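Working notes for the structure below.
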Amino acid sequence: MSSPEEPTPSVPGPAVSVATDVCEQACDDRAGDAQSLPDKPLTAKELEILRWATEGKTVWEISRIRCVSQATVKFHLRNIYGKLHVNNRVQAVSEAIRRGLCG
């Protein structure tokens, strides 16, 4: 008879990967950050979308939650990137966490 197999470790999901990337980015960003606050404050819609992004939600998932198109979510994300002076979603989430915008 066969011996019981050891359980295989589960593969981290997208939320774990995003969280890991965010933590690493946050550590990197803390050294010598020249930007303290955005030039323009984030709107309520932008803050909501950013909060969903910090929870690892995809553009499609956020669009379903907000009852808007994926293009609208992407539009708000681009505005968020500009206001936070970042280039991508991981940097935006990292910056939002660093500034205490999400919670």
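The values are calculated or read from the model by the stated rules, or taken from the named source; none is laboratory data. Note that the coordinates shown come from a computational prediction; the quantities given were computed from them, not determined experimentally. No Cβ is skipped: glycine too gets one built from the backbone with ideal geometry, and neighbour counts run over all protein chains shown.
Could you list, in sequence order, all residues of the range 73-86 that are under 20 Å from Pro41 (Cβ atoms) and not small (Gly, Ala, Ser)?
Val73, Phe75, His76, Leu77, Arg78, Asn79, Ile80, Tyr81, Lys83, Leu84, His85, Val86
Those residues that are part of a helix (DSSP H, G or I) and of a type in the set (Lys, Arg), I need them from the range 57-72; list them, please.
Arg64, Arg66
How many residues are loosely packed, with under 13 Cβ neighbours inside 10 Å, at pLDDT 95 or above and on the phi > 0 side of the Ramachandran plot when one looks only at the range 27-62?
0
Among the residues of the range 65-82, write down those that are basic (Lys, Arg) and loosely packed, with under 13 Cβ neighbours inside 10 Å.
Once the filter is applied, which keeps residues that are basic (Lys, Arg) and loosely packed, with under 13 Cβ neighbours inside 10 Å, the range 65-82 yields only Arg78.
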